[in-house]
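Here the structure comes first, spelled out in structure tokens, and everything after it is commentary.
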Amino acid sequence: EMSASLVGSEMCIRDSLKCDVIITSRLVIYGFKNYTVGFLSLENCIELFKRNTNETEFSHKTENHIKSIVELCGYHTLTIELLAKTVASSPNLTISKLHNELIKQGFNLKETIHASIPINWHDDNEYRKFFDHLKIVFDIADLKEERIILLYLSLLPKDDINYTIFNDLFKNEYVEYVNLLERKGWIFIKENKIIIHNVIPVSYTHLRAH
């Protein structure tokens, strides 16, 4: 997410940093010099959403809905991609319906995530609010059989999850659902590895506990 957020002068600053280790995190990490990286611009976030919907033409009304969705996401790129791919993979879900459902369920990450304020997971109220909003994304995505895959992945180390070995482990019973999760944006498959964003297994574990 950081690499997608680095633009222009920020790329130059990154390249000029004289250091051996760069840590990217929304957590407060003590003992290191901090450099705050902002979110993508509104225009870039809108383009990110559009690119993941598989649509090519958008009415003026739909454009306004997309702008509102991006703002409700707090410019959080992972959430923007998940919602856009949910529309792309759900025949009965339009951008307009998605927008209305987000409003109806009170989804609003922009009040929880701030570009210049790190997430403090020691603040139980802030922690709960963040995942409560992500629960709405889970519900709208309407994951069914795919949830068992997220459960298994949340129990495994996030690095080096071999796609072939994972499917062989379950005798290829869940191949269809693994591939469906990729199409919906919940995981990525690259070079025969299953890649999952850190926040997703944490979110799923949190949701199952409530």
### Task
Restrict the check to region 156-176 and report whether at least one residue is part of a helix (DSSP H, G or I), out of contact with any Pro (no Cβ under 8 Å at 6 or more places or on another chain) and under 24 Å from residue 105 (Cβ atoms).
no
### Query
When residues of region 179-195 are filtered for being over 17 Å from the mean Cα position of the chain (by Cα) and open to solvent by less than 40 Å² (accessible area, probe 1.4 Å), how many remain?
0
#### Entry: The lone exception for residue 51 - which of (1) surrounded by fewer than 15 Cβ atoms within 10 Å (Cβ to Cβ); (2) among the basic types (Lys, Arg); (3) over 23 Å from residue 197 (Cα atoms) it fails
(3)
## Note on the structure
Counting only residues that are open to solvent by 10 Å² or more (accessible area, probe 1.4 Å) and farther than 28 Å from residue 110 by Cβ, region 127-155 contains a total of 6
### Task
Could you please tell me which pairs satisfy a Cβ distance under 8 Å, a separation of 6+ or placement on different chains, a first residue in region 147-165 that is over 12 Å from residue 200 (Cα atoms) and touching a residue at least 12 places away in the same chain (Cβ under 8 Å), and a second residue that is open to solvent by 80 Å² or more (accessible area, probe 1.4 Å) and not in a helix (DSSP H, G or I)?
160/193; 161/193; 162/193; 163/193
### Task
Considering each residue of region 82-106, count those that are open to solvent by 50 Å² or more (accessible area, probe 1.4 Å) and of a type outside the set (Val, Ile, Thr), and give that number.
7
### Query
Filter region 60-93 for residues that are of a type in the set (S, T, N, Q) and modelled with pLDDT under 95; which is farthest from the chain's Cα centre (by Cα)?
92
### Summary
Counting only helices (runs of 4 or more DSSP H) entirely within region 22-98, those with at least 2 residues that are touching a Lys or Arg at 6+ places or on another chain (Cβ under 9 Å) and basic (Lys, Arg) are none
### Message
Would you confirm, using the coordinates I've provided, whether residue 104 is at pLDDT 85 or above and charged (D, E, K, R)?
### Response
yes
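The values are calculated or read from the model by the stated rules, or taken from the named source; none is laboratory data. Bear in mind the structure is a predicted one, so any value in this text is a computation, not a measurement. Positions of Cβ are generated from backbone atoms using ideal geometry, with glycine treated the same way; all protein chains shown enter the neighbour counts. Just so you know, the surface numbers come from the protein's heavy atoms only, side chains and all, with ligands and any DNA or RNA stripped out. Shrake-Rupley method; radii C 1.70, N 1.55, O 1.52, S 1.80 Å.
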